[in-house]
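Written below as structure tokens is the structure these notes are about.
Just so it is clear, none of the values below were taken in a lab; they were calculated from the coordinates. Note that the coordinates shown come from a computational prediction; the quantities given were computed from them, not determined experimentally. Note that each Cβ is placed from the backbone with ideal geometry, even for glycine, and that neighbours are counted across all protein chains shown.
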Amino acid sequence: MNPSICKIVHSYQSDNVNHLDRADIFIYRSALVLVGYQSQNEAFVSFVHYQFNELPVEDIYATQIQMIENDIPEIYKKATLQNVYHAEPQYVLVPFSEAQGMNPYEVFSELHSKGSEKLLTQDIQIVGVKEIYNYPFRVYNDAANAFENAQFSSYHKPLFHKLKQASGDFKSLFVSIKSKNVELIGFYRGNLLYANSFEYKSNADVLYFIKAVMQDLGISNDSEHIYITTILKEQQEAIFEFLKTNISNFNQNVTSILGCPESYWNSYGDVFLCS
């Protein structure tokens, strides 16, 4: 693997794994995470996190699947079921009551001034919305070519399902700090209160967006129902240390409420919620 393109920051492989019943593929703007399962109802048996070096071109994904395709283990490329999740999409959620007869390209362009390339849509019944989300053509085509049984799916569908199940008589906020964007999702008593993502340049930007949404939703700074994860594994400790100066109790209940070990959640909360 060419280190000028990307590196592996985390990997795991059980013994004697020759075939996968299912592979989950998570695409970020500068990361690719592959998770393999031998059985639908068992824990994963293989895991690889590729971190790509940023490109000096605005709005171009650093993730270049075609450049590392020969390095991706064959068990992922030959898995019986391959769920391809865009884990850092630009998206729009439209309530079912407003979705009839809409033009997805027009709706998407109204909220995203840079336009779209390949738009996909999916109904998310559990929260009553239709999602419209964008793939760059190159990224979509690379994934389709690399994974022969690829099924492109909204990562919000399983994620909303888990967050809805975990919500209760308290307002909760899920925060995912991604390669270029921070996503914030709020739930209360099984109802989706908020879902949006914002481009950020610094940790201060991330904190600003979190606190702004907390204020809008009426969530206090000392709430124990704030769950923060970041795919930026190598920067995770520094990011969390900065955020804890203002939001001290986040992730305290991630194991008891969401059922995920905190050490795994800190970098792979997206993966856990989609598992």
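Under the definition of Cα pairs under 8 Å and six or more residues apart, what whole-number percent is the relative contact order of the range 6-52?
46
Out of the DSSP beta bridges found with both residues in the range 82-238, what percent are antiparallel (nearest 5)?
So the antiparallel bridges in the range 82-238 amount to around 75 percent.
Order of 259-272, 78-91, 45-58, 108-121 by packing, highest average Cβ count within 10 Å first?
So the peptides 259-272, 78-91, 45-58, 108-121, ranked by packing, come out 78-91, 259-272, 45-58, 108-121.
Rounded to the nearest 5, what % of the DSSP beta bridges within the range 13-171 are antiparallel ones?
Just about 70 percent of them are antiparallel.
Output the direction-averaged projected area (hull surface divided by four) of the convex hull of the alpha-carbon atoms of the chain, in nm².
Result: 14.4 nm².
Hey, can you rank 187-196, 224-233 by average C-beta count inside 10 Å, highest first?
Descending mean neighbour count gives 224-233, 187-196.
Report relative contact order for the range 91-134 in percent, whole number only (criteria: Cα-Cα under 8 Å, sequence separation at least 6).
Answer for the range 91-134 is 50 percent.
Which percent of the Cα-Cα distances in the range 1-120 go past 20 Å?
Result: 54 percent of Cα pairs exceed 20 Å.
So in the chain, what percent of DSSP beta bridges are antiparallel if you round to the nearest 5?
Close to 75 percent.
Students often forget the sequence filter, so: which lysines lie under 21 Å Cα-Cα from residue 162 once same-chain residues fewer than 8 apart are removed?
Hits, sequence-local ones excluded: 130, 171, 178.
When only C-alpha pairs under 8 Å and at least 6 residues apart count, what is the relative contact order of the chain, in percent?
Computed value for the chain: 14 percent relative contact order.
How big is the equivalent ellipsoid of the range 91-134 along its three axes, where each semi-axis is √(5λ) from the Cα gyration tensor, reported in whole Å from largest to smallest?
Equivalent ellipsoid of the range 91-134: 18, 10, 8 Å, largest first.
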